[in-house]
Amino acid sequence: MKGASKLVLVMTVIVLLLADAHISLAATCSPVQLSPCLGAIRSSSPPSKLCCSKIKQQKPCLCQYLKNPTLKKYVNSPGAKKVARSCGVPYPSHFLDVYGDD
């Protein structure tokens, strides 16, 4: 019985940690975090290491940003796609299949 109680306790802790990680990930979506990329998006200059770091952190948020009419025109721009590609972040093409590329 002791082994089963420990297993339940461990499983409960894991579930709580995963739930906390999910909540903190959801709370980190902030398009302002991509501001280090503005120069590279607007020009032909390569993205900085900070920009690439930020875009990698915000990768889970890209589809959410693309659904926002205010942000879509920036996130869906050729410059933003170039920066994502340069940083090794795949652009969410499945989104374009559903919502279009305008």
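The values are calculated or read from the model by the stated rules, or taken from the named source; none is laboratory data. Since the structure is predicted, the reported quantities are computational estimates derived from the model, not experimental observations. Cβ placement follows ideal geometry from the backbone for every residue including glycine, while neighbour counts extend to all protein chains displayed. Each accessible area value is taken on the protein alone, full model and side chains, heavy atoms only, with ligands, DNA and RNA left out. Shrake-Rupley method; radii C 1.70, N 1.55, O 1.52, S 1.80 Å.
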Restricting the first residue to the range 51-67 and requiring it to be open to solvent by 50 Å² or more (accessible area, probe 1.4 Å), which pairs with a second residue that is at pLDDT below 90 and polar (S, T, N, Q) meet a Cβ separation below 9 Å and a spacing of at least six or different chains? Gln57/Thr28; Pro60/Thr28
Quick one: what pairs do we get from the range 79-95, first residue closer than 13 Å to Ser53 by Cα and part of a loop (DSSP other than H, G, I, E, B), second among the aliphatic types (A, V, I, L, M) and at pLDDT below 95, C-beta under 6 Å, 6+ apart or different chains? Cys87/Ile55; Val89/Ile55
